[in-house]
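The values are calculated or read from the model by the stated rules, or taken from the named source; none is laboratory data. All figures in this text were calculated on a predicted structure; none of them were measured in a lab. Cβ sites come from the backbone with ideal geometry, for glycine too, and all protein chains shown count toward neighbours.
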Amino acid sequence: MILLECPKQNACPVFVYWVGLLILIAPIQAQEMQHSTNTFAEGENGAIATGSQQAADIGLQILKDGGNAIDAAVATMLVQTVVEADLFCFGSEVPIMVYDKQRNVVEVIVGLGAAPRLATAEWFNANRNGLIQGRGDIANCNVPGTLDALLTALDRYGTRTFEQCAQGMLTVLQERANTDPATLKQSNQRRNFDATGWVEHHQNFLSLIERLVAAEKMAGPDRRVGLRAVSDYFYRGPIALEIDAWSRANGGLIRYTDMALHHSRIESPRQMEFEGHTVFKCGVWTQGPFFHQTLRLLEGHDLRTLKPDSADYIHLITESMKLAFADRDAFYGDPDFVHVPIDALVSDQYRDLRRQLIDMQHASQTQQPGDPFQMKPLLGVAPQDHKVFAGYSNDTSNCLVADQWGNVVAATPSGWGGIAAGNTGVQLGSRMIGLVTWKDHPSMVEPGKRPRITLTPTLVFKDGRPVFAISVAGGDQQDQASIQVLLNHLVFNMDPKLAVTKSRFGTEHHINWFGHGPAVLGSLILPRDTEQNVVDNLTQRGHKIRLERTASSAVVLAIDPATGKKQAATDGGKFAVAY
């Protein structure tokens, strides 16, 4: 049984470190890295699965140099904010789930910033026709949560300074900042590519990180005081003031106070037992509990008697996900602002009521949220949606790390690189697209409210020890993929590589959480190689089928509890390293 401790309070005094002169960081000597383009790696000591080869290699070097999983994860994600900025920018968000072996506890770092104090439904109704748009609108920038989440992880679980973890990032930034724009323009195939702007952004980004490192050094030799100095310099010092000035001058909503009041919370994760394992997820500010709700609906079914490619299996999983999605769309939101009846939603009584709605011969054509307050199978009102799509997304990467001491990190870094905040070097995301302007909606925009997000890392334990971790990119498809990967591994005994690479199915029978576009009722996305008799069978049940690849990309990390061997695997386009 895993001990879930009450979160410690980060009762640190606020220090503002004003640094007058920038300290130029000397070029870093190139370190010998284990280079691999493999989508699978195994080792005895440490392993990483992530979205970039450069990030994976730099994180692995931290492990080899004696850093722990948290140090390596922070170094990895810092590099990702540079090389994967279109998927995970520096001013965005990342939920981080950590297993701290020494304390034997799983905790969640809530790396998600809130809506600014000026963000109200009245403002968006008056200035944006009631729509909170997607990428490219300065009004959609919530407070950046990534940096403080990474600093909190280092402070609470790590052993390295910010400067030590940022060395790889600085190397990459120095290379990009010193690139010749003319050469870059000539080699780039994209039309209208602004090579000069690209180089200037990385010069500004490099300057930002150098300033943060300088603030840490000015704080003195105490590692944790230095980490707080970095946070203060960004959120309560010069960077916050510069972001405030830029936002005011350009019609944005973020102000100094929004930045200054931000802090990364530490929460206990949600957990449930399934197939003799304990499955940990983040709370209802993410879609994570949807995963648990779906697994609960699947309890009592002998899944092993079904083939994972069979019509019955696909139908059962899909119909279970539809019911869980309906509840997700109707009830989930920031628990500081709305009451989400999550304990009722995952209860035995509610599960039994909802499971009766699954018709094995007919695909549901309506969204059917239940009524967990009155313990009734149907609420009778569908979740609200936009009749036209309010925005779009292109986001999310992955980061899983395990070390030789038993620590594990599962994170799903994200945040569309929407707006560059002047010459600060900070690229802000557009996560406020997860909020709406509708009165009484659980995700109605309010000052200080966190937008609900699809980001949903997974940790799995067996007999009190971590054995499996999953991170998926792909918006609303994330937990659909995670569920299938988990079932592949736990129920059908697939090894990690096969579990993550096996073709997956999915549905869009849900509200799109990026702009609240309407559900595609009855939809079912099947792999192109699905057998024709299966397609015909599912079509007869009423599924509206498209044959294509689902929009998700997954990585996994497995740990043998007996030997400690670690296996990292990805489904393509991502990278696995180990030693």
Enumeration of residues in the range 300-338 that are surrounded by fewer than 16 Cβ atoms within 10 Å (Cβ to Cβ), more than 21 Å from residue 537 (Cβ to Cβ) and of a type in the set (D, E, K, R): 336
Residue match in the range 531-546 (condition: closer than 30 Å to residue 435 by Cβ and either of a type in the set (Gly, Ala, Ser) or in a helix (DSSP H, G or I) (or both)): no
Selection count where residues are in a loop (DSSP other than H, G, I, E, B), over 16 Å from residue 369 (Cα atoms) and touching a residue at least 60 places away in the same chain (Cβ under 8 Å), scope the range 517-530: 2
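Restricting the search to the range 106-122, which residues are over 14 Å from the mean Cα position of the chain (by Cα) and either surrounded by 16 or more Cβ atoms within 10 Å (Cβ to Cβ) or basic (Lys, Arg) (or both)?
Selection gives 106, 107, 114, 115, 116, 117, 119, 120, 121.
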Answer residue from the range 339-358, given it is under 21 Å from residue 453 (Cβ atoms) and touching a helix residue (DSSP H, G or I) at 6+ places or on another chain (Cβ under 8 Å) and is surrounded by the fewest Cβ atoms within 10 Å (Cβ to Cβ) among those: 341
Given (1) modelled with pLDDT under 95; (2) within 23 Å of residue 430 (Cα to Cα); (3) out of contact with any Ser or Thr (no Cβ under 9 Å at 6 or more places or on another chain), number of the condition residue 209 does not satisfy: (1)
Any hit, the range 302-325, residues being over 22 Å from residue 503 (Cα atoms), over 22 Å from the mean Cα position of the chain (by Cα) and of a type in the set (D, E, K, R): no
Helices (runs of 4 or more DSSP H) wholly inside the range 310-414 containing at least 2 residues that are outside the structural domain of residue 84 (by TED's automatic domain parsing) and over 23 Å from residue 519 (Cα atoms): 342-345, 348-355
The range 378-409: number of residues that are over 30 Å from residue 76 (Cβ atoms), modelled with pLDDT of 95 or more and crowded, with 18+ Cβ neighbours inside 10 Å: 1
The range 416-444 - residue that is closer than 30 Å to residue 483 by Cβ and β-branched (Val, Ile, Thr) and, of those, modelled with the highest pLDDT: 436
Options 444, 494: the member that is in contact with a Leu (Cβ under 8 Å, 6 or more places away or on another chain) and surrounded by fewer than 19 Cβ atoms within 10 Å (Cβ to Cβ): 444
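Does at least one position in the range 80-88 carry a residue that is farther than 27 Å from residue 242 by Cα and within 22 Å of the chain's Cα centre (by Cα)?
So far as the range 80-88 goes, no, none of its residues is farther than 27 Å from residue 242 by Cα and within 22 Å of the chain's Cα centre (by Cα).
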Failed condition for residue 148, given (1) more than 14 Å from the chain's Cα centre (by Cα); (2) surrounded by 20 or more Cβ atoms within 10 Å (Cβ to Cβ); (3) part of a loop (DSSP other than H, G, I, E, B): (3)
Selection status of residue 509, closer than 30 Å to residue 128 by Cβ, modelled with pLDDT of 95 or more and more than 21 Å from the chain's Cα centre (by Cα): yes
